[in-house]
Every structure is written in structure tokens, then in C-alpha cells.
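The values are calculated or read from the model by the stated rules, or taken from the named source; none is laboratory data. Nothing here was measured: the structure is a model prediction, and the numbers come from that model. Using ideal geometry, Cβ is built from the backbone for each residue, glycine included, and neighbour counts are taken over all protein chains shown. Just the protein is used for accessible areas: all its heavy atoms, side chains included, with ligands, DNA and RNA removed. Shrake-Rupley method; radii C 1.70, N 1.55, O 1.52, S 1.80 Å.
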Amino acid sequence: MKTRIFLILVCLGLASCYPEERLWWSPQGDRALVQLKDGLHVMKADGTLGPVIEGAGDPSNALSSIAWLPDGSGFICQRERKVMSWDEVRTVISKDEAAEVEALAPAFQPMLEAAARMPDKEKSLEGVFADISEAQLKRWDSASKLAYSRAPEVIEKLMLALHDGAGIAEGFKGDNAGFRLHELCVFKLDHLAKPRVLRSSLLQPTLRALLSPKHPVIAFLHLEAKGEEANLEVMPLEGGESLVVKEKASAAYDWMPDGRTLVIASPMDGKESKLMSIQFATPVQKSGALMKPQSEKQPDGTWKSFEGPDRFAGPQSAATVLTVNQPRLQALPDGRVLLACQPITLPMIRPETELDPRLYLLAADHKSITQVPSADGALPSNLDVFVASPDGRRVAVVESYTDAVAIVDLASGKTEIISPAHPRWECTTAPAWKSPTELTFAALHGSTPPPQLMLWTTSGDTRCLSESWPKGSTESWLKQRSNDSSSSTK
């Protein structure tokens with residue numbers, strides 16, 4: 001049985017053809033982590049690659065979270081790890097999760113037996129699971145592997161009696177055998193072989209982890225039990241209990257410069273809504289400790305509410321915006337928030353407004369929003385991916401339906417195309433700032449494939465950093481279309 005992870009991406013607004021992060025510069029800009037076809041590497045500032053970091057990152061997993069520690073001594077990384085023994089798995093996952101899988105496993109054999117008794121043309125396990133939710137399929141994936149590990153000969157014989165049983169049986173053997181753990185880890189550069197695991201789960205992975213810039217606290221998305229929504233949570237870097245900041249959160253959030261407050265884009269009417277509430281929440285105390293929840297369960301099973309400066313007050317709304325595709329925002333060093341959204345006037349006369357997304361800045365006091373003064377037609381036709389420079393003066397924009405890369409000055413709105421669009425090419429890689437004056441991005445070097453990692457500086461110089469890299473290591477950083485027509489905004 002194959003676990004389908006795509007639903008998680010859809011629910012969080014991450015599943016799209018948008019460019020992905022593949023390179024992360026350290027806070028000091030002296031090295032970077034780069035995800036290549038063969039795995040995650042440490043790269044020197046001149047582009048020299050180190051060996052693959054075993055057990056870190058996953059080039060096939062768009063859910064991987066990577067973020068540097070503020071001092072550049074290491075990084076946090078969300079990864080998948082295969083574990084063969086259930087006894088080992090149950091020691092690292094939560095007791096509730098282990099109990100859930102163990103309670104479900106005994107039902108797998110009767111399900112196979114029932115499928116085998118169906119009419120010949122309907123003897124299919126796929127039919128049995130046809131109406132089961134994606135979240136439950138993840139549970140059945142783990143439970144069926146546990147059932148197989150306890151009685152492999154019996155389970156395989158039953159599966160081989162089904163039309164689709166042979167292929168499914170292969171999922172329990174060879175390279176497909178074992179349980180896949182989702183782990184959030186801390187890797188230290190001086191001891192990469194032994195990361196510290198913060199969280200482990202079979203069913204509820206930790207996604208898009210971001211470190212506070214001032215305190216040892218991590219914010220992350222935690223898939224909730226039904227698998228259709230995610231909670232935004234925070235936890236100490238050393239591990240321990242987490243605090244729920246926002247239920248049913250989107251993937252658009254960032255730490256404010258104080259390192260205590262999060263800015264969040266929250267759908268106002270379900271996960272499909274394009275109308276977003278921009279909210280602020282402060283889950284970290286001045287000391288760096290987590291706030292305590294507003295309510296706590298008492299020994300008698302009831303819940304009691306508390307008040308005080310150390311109690312989490314919940315998110316507070318500051319603005320409402322309309323997004324075109326998925327929401328995106330970034331906090332700037334001066335406390336402003338950079339947003340890409342659709343200008344509208346309410347009430348709307350037309351049922352659908354013309355799509356014309358612009359860059360906006362939410363003021364540090366949260367009392368006003370101003371448009372970045374770019375000229376009509378100067379920006380790319382969509383603003384799904386943008387990355388502000390470390391000093392908050394410029395923003396790099398990559399157009400997901402071409403391979404063009406532009407730099408926008410946030411004060412003047414002046415836009416400069418630093419890498420032009422090439423016919424039939426789309427960018428699938430987000431740019432990354434090395435410093436306030438240096439940007440790395442994927443592009444065709446000399447207009448010919450393969451894609452390369454380029455370094456641009458504000459002086460106007462551009463050079464290639466990846467010419468010595470292994471052949472094919474960056475082939476997925478750009479995508480070639482079959483015709484010249486540009487994809488329409490989705």
C-alpha cells in the first residue's frame with residue numbers, strides 16, 4: 001500500500017508548480033546548505049561542495065524543512081527515516097500514536113479475507129480502501145506493515161489472492177519494507193553523523209519549521225489527526241511540549257524581528273479561501289520561555305481558564321487581504337511585513353476582479369498598508385514567490401511560469417530584471433540571498449542547459465557557482481515546457 005503524501009501539500013497550500021527552496025545561506029553568508037539530486041550538501045561561499053550529509057534532507061520530499069541555527073553552527077531539518085522494527089518505532093513515537101496503529105493492525109487480515117471472498121472481478125484491495133480518507137490511508141499503511149511483520153506468510157498468501165495483491169505485497173519487502181518516520185532533527189556541523197531528534201511521528205509530520213531569530217524556539221506546522229488541516233505550534237529548541245498558536249493554519253507565517261511574535265496569514269473562510277486575515281500572535285515570553293496556554297485540564301477532567309502576562313492571548317487580526325494563489329508573507333527587519341495580494345474595492349460589482357497582484361507593506365504599527373510603488377507591468381505576472389533581502393531593502397521575485405528573476409527596490413519600486421525569461425523554460429527553484437547585496441538563483445548560464453546556480457551582486461556582476469558540480473545535479477532546478485505558451489495563473 002502506497003502512502004499518498006500529496007494531500008498534505010494541498011491542504012497546506014504547498015502543492016503547486018511554485019519554485020521550491022533548494023538553497024539556504026547561513027546567517028553569516030560563509031556557507032550554504034544546498035539540496036541536489038543526490039542529497040543535501042554543505043557548500044562553501046565560492047560554490048565548492050562538501051559530501052552528501054547522510055540522513056539529512058530528501059530531494060524527493062517537498063515537505064523537508066531546513067533552517068540554520070542563528071550562530072551558523074548547525075541547522076534543523078525535517079527528514080524521513082526508514083526503521084525496520086516496530087519495537088524501535090514505538091519507543092520514539094507518542095504513546096497515543098503507537099496505540100492507534102496497534103489497535104488497527106489486527107483488522108488488516110480480516111479485510112484481506114473479506115476482499116478475497118468478493119466476486120472475481122472485484123477481488124481488489126484498492127476497492128476496499130476506495131472510500132477511505134487520505135489521513136486514514138496513512139494509518140492503514142503503518143498498520144498493514146505491522147500486521148505483515150507479525151504474520152508475513154499469512155498476509156502475503158491472502159494478498160496474492162487479489163488482483164492487485166502482488167504489487168501491494170512488494171510494498172512490504174525489499175527497499176519498500178519498514179516504517180517511515182517523520183523526524184525533526186538538529187544537525188551540528190561538527191558532528192553531522194549524529195543529529196539530535198526533536199520529534200518523531202508516523203502519522204503527523206512536522207513541516208516548515210522556522211527558528212526564532214532571538215530565542216531558542218521553533219515554530220512549525222503540525223498535521224492534525226484527520227490529516228486535512230495543520231496547526232501552527234511552537235516548541236523549545238531543546239525539545240519538550242509544544243504550544244498551539246493557531247489551529248487550521250496556512251503555510252504563510254514568519255517570525256517578527258523581536259523573535260517572540262509570529263505574523264500569520266489565516267484563511268477567513270476555510271482552507272480554499274483567498275480572503276486572508278493577517279494576524280499577530282506572541283507565544284514567547286520576554287525570557288524566551290513559551291507562554292502558558294490560557295486553559296489547562298484539571299485532575300477531575302474539567303478545563304480551567306487562567307489570566308496573566310505569562311498566558312498566551314491568541315492571534316490578533318491586523319488586516320484583511322485577497323490573495324491570487326496561495327498566501328505568502330515575510331517579516332522585514334524594521335517590523336514591517338511584505339505581502340503579495342490583489343488590490344480590491346469592496347463591495348465588488350463584478351463577481352471576479354481582474355488579476356493584478358501587487359507587493360504591499362504592512363506598517364510596523366499594523367495601522368496601515370501601502371503599495372510598493374512599482375510601475376504598471378514592471379513586476380512579473382504573478383508574485384507567488386518572493387524573497388526579501390536580509391536588510392529589507394530589496395526583494396527578489398521569480399515568476400513561476402517563466403524563468404525570469406527580478407529585483408525590486410522596496411522604497412522606490414524600481415524593478416530590474418537580472419535574469420531574462422527564456423522561451424519554454426520555467427523556474428522551479430526559489431532565489432536565496434547570501435547577503436544584503438548578493439543573491440543566488442537558478443538560471444541558464446549562457447542561455448543553454450543545464451541550469452546553474454548563479455550569483456548576482458548589486459554592482460551588476462553575475463557569475464556561476466556550480467560549473468564544477470556533478471552532471472545532472474541541478475537538472476530539476478528549471479523545467480522545460482513542451483511549447484512556447486505560458487501557463488495561466490492557477
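Please pick out the residue among Asp87, Asp30, Asp58 that is more than 19 Å from Asp190 (Cβ to Cβ), open to solvent by 10 Å² or more (accessible area, probe 1.4 Å) and at pLDDT 85 or above. Write out each step before concluding.
Values: Asp30 fails: more than 19 Å from Asp190 (Cβ to Cβ); Asp58 fails: at pLDDT 85 or above.
One residue alone meets the criteria, Asp87.
Within the stretch 154-168, identify whether any single residue is at pLDDT below 90, touching a helix residue (DSSP H, G or I) at 6+ places or on another chain (Cβ under 6 Å), among the aliphatic types (A, V, I, L, M) and assigned to a loop (DSSP other than H, G, I, E, B), and answer yes or no.
Checked against the condition, which is being at pLDDT below 90, touching a helix residue (DSSP H, G or I) at 6+ places or on another chain (Cβ under 6 Å), among the aliphatic types (A, V, I, L, M) and assigned to a loop (DSSP other than H, G, I, E, B), the stretch 154-168 yields at least one hit.
Lys145: open to solvent by 20 Å² or more (accessible area, probe 1.4 Å), in a loop (DSSP other than H, G, I, E, B) and of a type outside the set (Asp, Glu), yes or no? Give the steps one after another, and end with the answer.
Numbers: open to solvent by 20 Å² or more (accessible area, probe 1.4 Å): yes; in a loop (DSSP other than H, G, I, E, B): no; of a type outside the set (Asp, Glu): yes.
So Lys145 does not fit the description; no.
Check Val324, Val337 and return the single one that is open to solvent by 20 Å² or more (accessible area, probe 1.4 Å) and in contact (Cβ under 8 Å) with a residue 24 or more places away in the chain. First the steps, then the outcome.
Working: Val337 fails: open to solvent by 20 Å² or more (accessible area, probe 1.4 Å).
Checking each option against the conditions leaves just Val324.
Take the residues in the stretch 424-451 that are more than 26 Å from the chain's Cα centre (by Cα) and among the polar types (S, T, N, Q); name whichever of them is surrounded by the most Cβ atoms within 10 Å (Cβ to Cβ).
Per the criteria, the residue is Thr437.
Within the stretch 286-298, can you find the residues that are modelled with pLDDT under 85 and either hydroxyl-bearing (Ser, Thr, Tyr) or not in a strand (DSSP E or B) (or both)? Can you show your working first?
The initial filter retains those residues of the stretch 286-298 that are modelled with pLDDT under 85, namely 295-298.
If the condition is that a residue be modelled with pLDDT under 85 and either hydroxyl-bearing (Ser, Thr, Tyr) or not in a strand (DSSP E or B) (or both), then Ser295, Gln298 are the ones that fit.
Please list, ordered by first then second residue, the pairs with beta carbon atoms under 6 Å, 6 or more apart or interchain, first in the stretch 189-206 and modelled with pLDDT under 95, second open to solvent by 50 Å² or more (accessible area, probe 1.4 Å) and not aromatic (Phe, Trp, Tyr).
Qualifying pairs under 6 Å: Ser200/Val92; Thr206/Arg199.
For the stretch 88-134, enumerate the residues that are basic (Lys, Arg) and closer than 21 Å to Ile168 by Cβ. Don't jump to the end; show me each part of the working.
Of the residues in the stretch 88-134, the ones basic (Lys, Arg) are 90, 95, 117, 121, 123.
Passing the criteria: Arg117, Lys121, Lys123.
Only residues that are closer than 29 Å to Tyr148 by Cα and open to solvent by 20 Å² or more (accessible area, probe 1.4 Å): list them for the stretch 171-190, please.
Within the stretch 171-190, Lys173, Gly174, Asp175, Asn176, Arg180 qualify.
Does Pro390 fit the bill of being surrounded by 16 or more Cβ atoms within 10 Å (Cβ to Cβ) and assigned to a strand (DSSP E or B)?
Details: surrounded by 16 or more Cβ atoms within 10 Å (Cβ to Cβ): yes; assigned to a strand (DSSP E or B): no.
It is false that Pro390 is surrounded by 16 or more Cβ atoms within 10 Å (Cβ to Cβ) and assigned to a strand (DSSP E or B).
Looking at the stretch 148-170, I want the residues that are open to solvent by 70 Å² or more (accessible area, probe 1.4 Å) and have a partner that is assigned to a loop (DSSP other than H, G, I, E, B) with Cβ atoms under 7 Å, at least 6 apart or on another chain. Which pairs are those?
His163/Lys123; His163/Ser124
Sort out which residues of the stretch 103-127 are open to solvent by 50 Å² or more (accessible area, probe 1.4 Å) and either closer than 27 Å to Thr206 by Cα or of a type in the set (A, V, I, L, M) (or both), and write them in order of number.
Correct list: Ala103, Met118.
Identify, please: which residue in the stretch 274-285 is of a type outside the set (Lys, Arg) and either over 20 Å from Ala219 (Cα atoms) or part of a strand (DSSP E or B) (or both) and is, among those, most open to solvent (accessible area, probe 1.4 Å)?
Residues of the stretch 274-285 of a type outside the set (Lys, Arg): 275-285.
Now narrow it down to the ones that are either over 20 Å from Ala219 (Cα atoms) or part of a strand (DSSP E or B) (or both): 275-281, 284.
On the way: Leu275: 67, Met276: 5, Ser277: 11, Ile278: 2, Gln279: 21, Phe280: 18, Ala281: 1, Val284: 0 Å².
Only one residue fits best here, namely Leu275.
Scan the stretch 86-93 and give yes if some residue there is among the polar types (S, T, N, Q), assigned to a loop (DSSP other than H, G, I, E, B) and under 29 Å from the mean Cα position of the chain (by Cα), otherwise no. Quick ask: steps written out before the conclusion?
Initial filter on the stretch 86-93 (among the polar types (S, T, N, Q)): 91.
Now restrict to residues that are assigned to a loop (DSSP other than H, G, I, E, B): none.
No, the conditions are met nowhere in the stretch 86-93.
If you scan the stretch 286-314, which residues turn out to be closer than 24 Å to Val337 by Cα, open to solvent by 40 Å² or more (accessible area, probe 1.4 Å) and touching a strand residue (DSSP E or B) at 6+ places or on another chain (Cβ under 9 Å)?
Filtering the stretch 286-314 for residues closer than 24 Å to Val337 by Cα gives 286, 288, 290-291, 312-314.
From what is left, the residues that are open to solvent by 40 Å² or more (accessible area, probe 1.4 Å) are 286, 313.
Once the filter is applied, which keeps residues that are closer than 24 Å to Val337 by Cα, open to solvent by 40 Å² or more (accessible area, probe 1.4 Å) and touching a strand residue (DSSP E or B) at 6+ places or on another chain (Cβ under 9 Å), the stretch 286-314 yields only Ala313.
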